[in-house]
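The values are calculated or read from the model by the stated rules, or taken from the named source; none is laboratory data. All figures in this text were calculated on a predicted structure; none of them were measured in a lab. Heads up, the Cβs are rebuilt from the backbone with ideal geometry, glycines too, and the neighbour counts pull from every protein chain shown.
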Amino acid sequence: MFFGRITTRRANRRRDFTHKLTTDLAKSHGLIGIEDLRMKNMSKSAKGTTEAPGKNVRQKAGLNRSILDNIPGERRRQLEHKTLMYGSVLIAVPPFHTSQTCAACAQVDPESRKGCGRLFACTLCGHEDDADHNASVEIEARARRTGGSDINSTRSTKTVRVPAASRRRMREAPKPAHAS
Ligand SMILES: [Zn+2]
């Protein structure tokens, strides 16, 4: 009972936060770019089979838990209908290497995220930034290349790193040729 009540309270807080976040984003930004992470596929891949058990199952299970805990699918679903409601544009971009791509010079190198800490430090041009901020700038650039370039409202633009579950009513970005 006690556990159940705590869980409900947490779920309510999370739901309120998600509603407020998505409303604020859709109201105050003309263009919202998100990563199209196809969460369902990612969640499925950890288990593996009896014949071929998944590698890194423990790490992946932890990742999936945190993805599901952040209810990115629900955020995306709300963004989809709220951007329609408030006249802003939501664009899902290919998520490949957004964390390893330099927003300043476009160099892709895992070494730019040494230790996967908060720091992004480009191995080519030396650009340094908070890793999430660097990735969000890259996501915005991809969103603009995918059809957001004409969006020039008085509202500023904002990108959020939200994994994607549903592709309903979304403008889909083409995958780069090298993506698998
Ligand atoms: Zn660079």
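Among the residues of the range 124-152, what is the count of those that are out of contact with any strand residue (DSSP E or B) (no Cβ under 9 Å at 6 or more places or on another chain) and either more than 9 Å from the ligand (Cβ to nearest atom) or touching a residue at least 60 places away in the same chain (Cβ under 8 Å) (or both)? Number satisfying all stated conditions: 2.
Looking across the range 77-123, the residues that are within 16 Å of the ligand (Cβ to nearest atom), closer than 23 Å to Arg145 by Cα and assigned to a loop (DSSP other than H, G, I, E, B) come down to His97, Thr98, Ser99, Gln100, Cys102, Ala103, Ala104, Cys105, Ala106, Gln107, Asp109, Cys122.
Output the residues belonging to the range 75-107 that are aliphatic (A, V, I, L, M) and either surrounded by 15 or more Cβ atoms within 10 Å (Cβ to Cβ) or modelled with pLDDT under 90 (or both). Of everything in the range 75-107, those that are aliphatic (A, V, I, L, M) and either surrounded by 15 or more Cβ atoms within 10 Å (Cβ to Cβ) or modelled with pLDDT under 90 (or both) turn out to be Leu79, Val89, Leu90, Ile91, Ala92, Val93, Ala103, Ala104. Does Gly117 satisfy the criteria of being at pLDDT below 90 and either closer than 25 Å to Gly73 by Cβ or in contact with a His (Cβ under 9 Å, 6 or more places away or on another chain) (or both)? Considered against the rule, which asks whether it is at pLDDT below 90 and either closer than 25 Å to Gly73 by Cβ or in contact with a His (Cβ under 9 Å, 6 or more places away or on another chain) (or both), Gly117 comes out as no.
Here Ala131 passes the criteria (1) touching a helix residue (DSSP H, G or I) at 6+ places or on another chain (Cβ under 7 Å); (2) modelled with pLDDT under 90 except the one numbered (2).
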